[in-house]
């Protein structure tokens, strides 16, 4: 049993924190919320230079061959910094699916470019039905010669507006979880219309309409009609990664809140000397502590390739709710000043909600845990 | 980062399970929480039977130095032991002696005191109680009024203790008494060890909300404690007491007890699905049950984390209160979810016709009220997390 990070992980954390403190200050975060692309090419290039995109790719694809534990540490720092941009999409909704299920040719074609920061990828999975279920997929891919023709609407597609490729989940045969396939679609294909949604976390999610979009058969990712298990795997990794990001955000909110409670004077003393405020902070600390354990249990199991559907669901369910509690209490302690756009609290509050609902919220994952208990 | 137990640790866990299978009669129910062991004669008797056997195996005070009956094994293993004892509802672990008094004596005791008291605790031969709280000194423990006047080689005690768990069962008491009434509150207290058979000691039962007799009032009428039983310096008992409260525990027994009850409820719900005996549809309760499973997992790691820190020789200043608050409140939530699953049947108490799960859910539902009160209330624990843990200024 070991609840500490390795030297490599500590160094990664330190370096990431130093880099992001300098290159991703809150002024940048705020600017990117209003920016059409949502990130700068310069920062993207520097991150690639640090090896971040290919952190967990094997060396032969240009990666650093690190594990999910190191990824979790890095994601924590990104969550702490509110890093904007398509990193999470490119890695979890692009690189990792290809690494898991791509042909050797596909891996060679895509992974090194992703690692070098030359490709941005996302996955177009959810639709107006708004569920992470195969029954929610109505986008069709119809075989036509050496191509598939994709028709339909995808919703809540992260970073579609800057993606070079989209992994699109489409129905290729009737059925429930059978009949779903995944395609690597060139984003410049004719017939794709991308509309930016305005979201609470200002995080560049799009509606993507596919109108007779042709994709070569060789761009099938995984098995025809049998891609739903791969989708589940993508959701599993993304849920775990999102937890790590949320832990980083929650830790920062706790620190900000404690600092404020020590400084803000009312009734002739710091508000942090009042029990009501102390208890809010204690509850936040407890939630952050719990979130860290349940997240790193999942990350550790993933790093060792252990089956961990239940543990990832436990983590996502807990952290989804815990981070929400933390940001809510953070706002309460900050009082009026926290309720302004200028203050950083709202950056975390809004991102906490996105983190909660993406890749399955508390209810969704509690249901999975209940199933694991044979209830 | 490694959430796996070592092979030896897993083997040890199995060793405990094998022992309990052998020693506990088939169908053994036991108490839902270790403090409830004090209430029922049958359970208490089993505890007295098991304690020396556990002591002989060296499992009671595993992390202590060998010369005092310990095995110098890890805190993690000690926690594994406590977890399995709690989950399997096996009595016989004297928490007051093992987790509070013992470690305190290791830190502050004289060689003579260590020689006299520690080995019997480790061997399961003595049972201790804690003489801290008084009617005017609950959360404000430093306000103790029981007087200890030094006279002819003794401290003469006059006063009263309250909420003394196991006072009616104990051989020895460790207590706080005021040795300098003129000094500031925190600086006039001393930590003493008292034989419960000392003349002038009167124990009066207090009945808890369940109608059970677990704790007591203890009155001192010129009871004499030899000065050799002073632990630490005279008038410096507060230092000793504060350290003791942090040797506290991982709190794993709270999580394990709650987990055992929840497992029984889940099994009932699963069976009820088939037999139609659960009056609540499973669709309504599955989310609640899943949430409890998740929280128990979180609480379990919080507990092991405390032991991990203690194993490193550090003080779990923030981790122990976090584990205490979370674990005790979780017991209440688990019991409540259990009651919700049982719906009307949750009302039935042990001995009633139509009883389910022996009335254990209703029992924990009521007894868990005390868990956020004893051992430092949740409010005090949150104060500690905030001040000692997060560095927030005191009021």
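Please treat every number below as a calculation from the coordinates, not as lab data. Just so it is clear, the structure is predicted and the values come from calculations on it, not from any experiment. Cβ sites come from the backbone with ideal geometry, for glycine too, and all protein chains shown count toward neighbours.
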Point to revise | Net length gained if the chain between residue A:33 and residue A:4 were fully extended (0.36 nm per residue, minus Cα distance) | key: 7.0 nm
Check your understanding: To the nearest whole number, what is the average tally of beta carbon atoms from other chains within 10 Å of the beta carbons of peptide A:357-368?
Key -> 2
Exercise for review: Given the peptides A:290-298, A:21-29, arrange them by the average over their residues of other C-beta atoms within 10 Å, most packed first.
Suggested key: A:290-298, A:21-29
Point to revise | Computed E for residue B:8/residue B:42 - FRET, C-beta separation, R0 25 angstrom, nearest 0.05 | key: 0.10
Practice item. Per residue of A:258-265, count partner chain C-beta atoms within 10 Å of its C-beta, then hand back the mean as an integer. Key: 2
Point to revise | Exposure proxy ranking, count of Cβ atoms within 10 Å, fewest first, for B:231, A:357 | key: A:357, B:231
Practice item. For residue A:177 paired with residue A:211, estimate the spin-label separation in nm (one decimal), with each label point 7 Å from Cα along the Cα-to-Cβ line. Key: 3.6
Review point. What's the exposure ranking of B:125, A:356, B:267, going from fewest to most Cβ atoms within 10 Å?
Key: B:267, B:125, A:356
Review point. With axes computed from alpha carbons, what is the tilt in degrees of helix B:252-275 against the longest principal axis of chain B, rounded to the nearest 10 within 0 to 90?
Key: 20
Exercise for review: Return one number: the angle in degrees, 0 to 90 and rounded to the nearest 10, between the long axis of the Cα atoms of helix A:68-81 and the longest principal axis of the Cα atoms of chain A.
Suggested key: 60
Practice item. Give the whole-number value, in cubic angstrom per residue, of the convex hull volume spanned by the C-alpha atoms of chain A. Key: 140
Review point. Which parts of segment A:196-211 would a label at residue A:147 reach, counting a residue when its backbone N lies under 19 Å from a point 7 Å out along Cα-to-Cβ?
Key: A:209-211
Review point. Which order, highest average first, do A:238-251, A:135-148, A:321-334, B:33-46 follow once you tally other Cβ atoms within 10 Å for each residue and take the mean per peptide?
Key: A:238-251, A:321-334, B:33-46, A:135-148
Review point. With a Cα-only, solvent-free Debye model of segment A:229-372, what are the log10 I(q)/I(0) values at q = 0.12, 0.17 Å⁻¹?
Key: -0.51, -0.86
Point to revise | Length gained when the stretch residue A:223-residue A:340 is fully extended (0.36 nm per residue, less Cα-Cα span) | key: 37.1 nm
Practice item. Please determine, in degrees from 0 to 90 and to the nearest 10, the orientation of helix B:75-87 with respect to the longest principal axis defined by the Cα atoms of chain B, where the helix direction is its Cα long axis. Key: 50
Revision key, fill the gap. Applying the gyration tensor rule to the Cα atoms of segment B:129-234 (axes a ≥ b ≥ c; rounded if a/c under 1.5, else prolate if a/b exceeds b/c, else oblate), the class is oblate
**Study point:** Computed helical MRE - 222 nm, the protein assembly as shown, DSSP H runs ≥ 4 contributing -39500 (n - 2.57), nearest 500
**Key:** -15000 deg cm²/dmol
Study note, to complete from the structure: Simple spin-label estimate for residue B:379/residue A:59, 7 Å along Cα→Cβ, in nm, reads 6.1
Check your understanding: So what is the relative contact order of chain A, in percent, for Cα pairs below 8 Å that sit 6 or more residues apart?
Key -> 14
Exercise for review: Please arrange B:354, A:52 by counting, for each residue, the other beta carbons lying within 10 Å of its beta carbon, fewest first.
Suggested key: B:354, A:52
Point to revise | Partner chain coverage, peptide B:3-14 - average Cβ within 10 angstrom | key: 2
Exercise for review: Mind running the shape call on segment B:248-389? Use the C-alpha gyration tensor, a ≥ b ≥ c as the square roots of the eigenvalues: rounded below 1.5 for a/c, prolate if a/b tops b/c, oblate otherwise.
Suggested key: prolate
Review point. Percent relative contact order of chain B, based on C-alpha pairs within less than 8 angstrom and at least six residues apart?
Key: 14
**Study point:** Average Cα contact separation per residue, segment B:129-234, under 8 Å, 6 or more apart, as relative contact order %
**Key:** 30
Practice item. Sort out for me the Cα centre separation of segment A:172-220 from segment A:330-375, rounded to whole Å. Key: 27
Review point. Rounded, prolate or oblate: which fits segment A:7-119, taking a ≥ b ≥ c as square roots of the Cα gyration tensor eigenvalues, rounded meaning a/c under 1.5, else prolate when a/b beats b/c?
Key: oblate
Revision key, fill the gap. On the formula 1/(1 + (r/R0)^6), with r taken between the Cβ atoms of residue B:147 and residue B:23 and R0 of 35 Å, the FRET efficiency rounded to 0.05 is 0.20
**Study point:** Rg [Å, one decimal], Dmax [Å, integer] - the protein assembly as shown, C-alpha atoms
**Key:** 29.7, 107
